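Student: I'd like to ask some things about the structure below.
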Amino acid sequence: LFSVPAGAGAAVLEEQWVEWLGARVLPFVATVGAHNFRALKQGDKRLAIALVNASDSDMVHEQQVQLAGHAREFGPQFQFGWMDGVDRAEYLEWHFGIEVTRALPSILVIETRENSATDRHFRAYNGTAALAG
């Protein structure tokens with residue numbers, strides 16, 4: 001159980017919350033956006049991001065369920081999250097060459113170590129976020 005430290009400021013609370021979450025055995029699937037993408041990309045695990053249309057609640061839910069399963073299976077190797085591909089379409093096309101209008105839902109796997117030349121994009125078939133090898 002996470003307990004809020006008395007008188008803790010927002011920054012301290014966020015830091016302790018992230019530390020507490022990191023220590024949990026259960027998989028953590030983050031919402032990925034401009035606010036945390038850089039920090040997640042600099043981690044020591046590959047970053048697997050489900051690209052979805054956030055206005056399609058069924059798509060988002062299906063991908064979150066799929067990612068939670070992948071996180072349980074591949075957790076030691078990957079950090080998992082989901083991103084609104086429609087909202088970030090220009091960024092995804094510019095940096096990764098992904099034409100989002102044709103690619104939702106899909107998985108973007110980012111090599112977070114020094115060599116980012118191994119970044120991969122996998123189309124999710126039949127609405128599932130399957131990790132390809």
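Student: Once fully extended, how much extra length lies between L13 and E99, figured as 0.36 nm per residue of separation less the alpha-carbon to alpha-carbon distance? Please report the intermediate quantities before stating the final value.
Tutor: Details: separation 86, 0.36 × 86 = 30.96 nm, distance 3.82 nm.
Contour length minus Cα-Cα distance gives 27.1 nm.
Student: Using amide H atoms built 1.01 Å from N in the peptide plane, name the residues 5+ places from S106, or on other chains, whose amide H lies under 5 Å from its own.
Tutor: L51, A124
Student: So, in nm, how far is label Y91 from label T31 when the simple model puts each one 7 Å beyond its Cα toward the Cβ?
Tutor: Placing both labels 7 Å beyond Cα along the Cβ direction yields 1.4 nm.
Student: Starting from the residue with the highest accessible area, list H70, H95 in decreasing order, probe 1.4 Å.
Tutor: H95, H70
Student: Using the basic label-point model (7 angstrom from Cα toward the beta carbon), what is the A39 to Q77 distance in nanometres?
Tutor: 2.7
The values are calculated or read from the model by the stated rules, or taken from the named source; none is laboratory data. Model, not experiment: these values are computed from the prediction. Glycine also receives a Cβ, built like all others from the backbone with ideal geometry; neighbour counts cover every protein chain displayed. Quick note on the areas: whole protein, heavy atoms, side chains included, nothing else; ligands and nucleic acids left out. Shrake-Rupley method; radii C 1.70, N 1.55, O 1.52, S 1.80 Å.
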